[in-house]
Amino acid sequence: MGTLKAVRGTRDLLPPETELWNRVEAVVRGVFARYGFGEIRTPVFEDTQLFARGVGEETDIVSKEMYTWQDRQRSESGVGQSLTLRPENTAGVVRAYIEHKLADSGMLQKLYYIGPQFRRERPQRGRYRQFWQIGAEVIGPAWSGSDSAIRDAEVLEMLATLLDELGIKGWRLALNSVGSSTDRPRYVAALREALEPVKAGMCENCQRRAETNPLRVLDCKEPGDQAVIDALPKIAEYLDEASREHFAQVKAALDACGVAYVVEPRLVRGLDYYTRTTFEFTVADGSGLGTQNALLGGGRYDGLSEMLGGPKAPGIGFAIGEDRLILTLQAQMALAADATLGAKKLDAFIAPMGVAQNAAALVLAKELRAQGLTVEVGDGTFRLRKSFEAADKLAHRMVIVGEDEVSSGILTVKYFEAGEQTKVPRSELAQVLRG
RNA sequence: GCGGCUAUAGUUCAGUGGCAGAACGCCGCUCUGUGGCAGCGGAUGUCGUGGGUUCGAAACCCACUAGCCGCCCCA
């Protein structure tokens, strides 16, 4: 073993890429604020039970992708608590909602988060073991209107606006309803029954899915299986009247807002807590994501709070894969030959001539920075030539601080773009550099 | 977790068994307080790691690690 490296599936984010991350997050926070969301920050690790109960024991996430360990034993209880790095953030948000009795306000809660999540999957482009999600949840007691279709439509309209403001091109919204918490098991049972006589003729994957997770069969892309899949029962036929009406209202509101969507009866989502509306935003091939083309996903979870021992509190939420969002932006920027990926140039580079001028140069830098200018300082041991070379890469202008300048208070400013040079009194320097 | 491809300089890559290479970038000099251009010069390095085959391995073999692609699943 030689030098230490970031562990598999994790990565460092360095400048100037982090600047893009910050820009994205600034846009996100702005949009969320306009829609009335406030930020929540929950712990990165939680009691393992939270995810087992919330996300679902049988899901891939819980059954094989969690980073779980036993905490150090406490003196009296004997066994340490089982803890898990959060694989997603909705369960944590709902846990906090219950714990802090937010339902008692009677108000709709609109909460958003930005933070790392952890899943032990095979890493791939756009899929990391520590990855970042930007998510939001709308949750509240039923009388707050949290189960209304207007909330679903509002969230989807916000996402469309957000992607547009971020400059994501070619996104596509896929929409479906998986029915209420009673519709869904009925449908799964019907699927299982319908698959029993025909599954032998399907691909290997589907034969396995027919046993483990019949809903997944609907996702199969194997051409030979499509005829069989088309003949399977449709989820829409298993929705009760209320769910059907709810879905119709969501679609009508989206139509009214001019948000384009495609109803995909086959869109099923992996987490157990989803009810009624489920959705996914994807980008076209060639947007830098390969087959990991889902930018964000989400849905309604009317029973989650109760599953976690809380009050009845319907909700809807989503999670954006921030890594994938950035990857897409980078690919689309490169495609558009957008040259703004590089670091921004500073307002000024200050070049002390000789070590004796170092302190004076640093004082000048301090003054300029205090006035909001971005400034870098050289070193007096540099020859002037070297200062110029460094300055030209970093900044738009260079300020020379030599003996003459310090004693006279008149500084020499070089403008790289114009190739011109002027003398500026120290009192006017900040103003000149700002221009 | 399964399958495939890949790993050489800071970067992008060439190098099919015989001295470790190119381009870009970097550093120095031409040029002592005036950059970009140009000329000349220099350093690029555990050839991913460990083992094996061979007189000799960056190259062939094995294992491991990591990345990418596909599957699974998902953000």
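The values are calculated or read from the model by the stated rules, or taken from the named source; none is laboratory data. The shown structure was predicted, so the numbers you read here are calculated from the model rather than taken from an experiment. Cβ placement follows ideal geometry from the backbone for every residue including glycine, while neighbour counts extend to all protein chains displayed.
Data table
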read-out: Some residue of region A:355-377 being within 9 Å of RNA strand B (Cβ to nearest atom) and in contact with a strand residue (DSSP E or B) (Cβ under 9 Å, 6 or more places away or on another chain); value: yes
read-out: A:Val262 vs. criteria exposed (fewer than 14 other Cβ atoms within 10 Å of the Cβ) and not acidic (Asp, Glu); value: yes
read-out: Which numbered condition A:Cys257 misses (of (1) farther than 20 Å from A:Arg300 by Cβ; (2) away from RNA strand B (no atom under 15 Å from the Cβ); (3) not basic (Lys, Arg)); value: (1)
read-out: Complete set of residues in region A:360-383 that are free of Cβ contacts under 8 Å to residues at least 40 places away in the same chain, outside any loop (DSSP other than H, G, I, E, B) and among the acidic types (Asp, Glu); value: A:Glu376
read-out: Residue ID - surrounded by the most Cβ atoms within 10 Å (Cβ to Cβ), chosen from residues in region A:119-134 that are hydrophobic (A, V, I, L, M, F, W, C) and more than 6 Å from RNA strand B (Cβ to nearest atom); value: A:Ile134
read-out: Members of region A:77-120 that are within 20 Å of the chain's Cα centre (by Cα), part of a loop (DSSP other than H, G, I, E, B) and not basic (Lys, Arg); value: A:Pro87, A:Glu88, A:Asn89
read-out: Test for A:Ala356: is it of a type in the set (A, V, I, L, M, F, W, C), touching a residue at least 40 places away in the same chain (Cβ under 8 Å) and surrounded by 13 or more Cβ atoms within 10 Å (Cβ to Cβ); value: no
read-out: Output for region A:232-275, where each listed residue is touching a helix residue (DSSP H, G or I) at 6+ places or on another chain (Cβ under 8 Å), basic (Lys, Arg) and over 22 Å from A:Gly170 (Cβ atoms); value: A:Arg244
read-out: Test set (1) buried (at least 16 other Cβ atoms within 10 Å of the Cβ); (2) within 10 Å of RNA strand B (Cβ to nearest atom); (3) not aliphatic (A, V, I, L, M) - A:Gly380 fails condition number; value: (2)
read-out: Exclusive hit being under 20 Å from A:Val217 (Cβ atoms) and of a type in the set (Gly, Ala, Ser), set A:Ala294, A:Ala260, A:Ala284; value: A:Ala294
read-out: Evaluation of A:Val406 against (1) β-branched (Val, Ile, Thr); (2) within 8 Å of RNA strand B (Cβ to nearest atom); (3) more than 24 Å from A:Lys344 (Cβ to Cβ) (one fails), failing number; value: (2)
read-out: Among (1) touching a residue at least 40 places away in the same chain (Cβ under 8 Å); (2) over 17 Å from A:Val262 (Cβ atoms); (3) of a type in the set (D, E, K, R) - the single one A:Arg209 does not satisfy; value: (1)
read-out: Counted residues, region A:79-116 - those being at negative phi and without any contact (Cβ under 8 Å) to a residue 60 or more places away in the chain; value: 19
read-out: Cβ-Cβ under 6 Å pairs, at least 6 apart or on other chains, region A:286-308 side touching a residue at least 40 places away in the same chain (Cβ under 8 Å) and assigned to a loop (DSSP other than H, G, I, E, B), far side among the charged types (D, E, K, R) and near RNA strand B (Cβ under 6 Å from one of its atoms); value: A:Leu289/A:Arg324; A:Gly290/A:Arg125; A:Gln292/A:Arg127
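Rundown of residues vs (1) in a loop (DSSP other than H, G, I, E, B); (2) among the aliphatic types (A, V, I, L, M); (3) more than 10 Å from RNA strand B (Cβ to nearest atom), yes/no style:
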site	(1), (2), (3)
A:Lys393	no, no, no
A:Met398	no, yes, no
A:Lys414	no, no, no
A:Val424	no, yes, yes
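Per-residue answers, yes or no, for (1) within 15 Å of RNA strand B (Cβ to nearest atom); (2) in the same structural domain as A:Trp171 (by TED's automatic domain parsing); (3) on the phi < 0 side of the Ramachandran plot:
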residue: A:Tyr261; (1), (2), (3): no, yes, yes
residue: A:Glu264; (1), (2), (3): yes, yes, yes
residue: A:Leu267; (1), (2), (3): yes, yes, yes
residue: A:Leu271; (1), (2), (3): yes, yes, yes
residue: A:Glu280; (1), (2), (3): yes, yes, yes
residue: A:Asp285; (1), (2), (3): yes, yes, yes
residue: A:Gly309; (1), (2), (3): no, yes, no
residue: A:Ile316; (1), (2), (3): yes, yes, yes
residue: A:Leu325; (1), (2), (3): yes, yes, yes
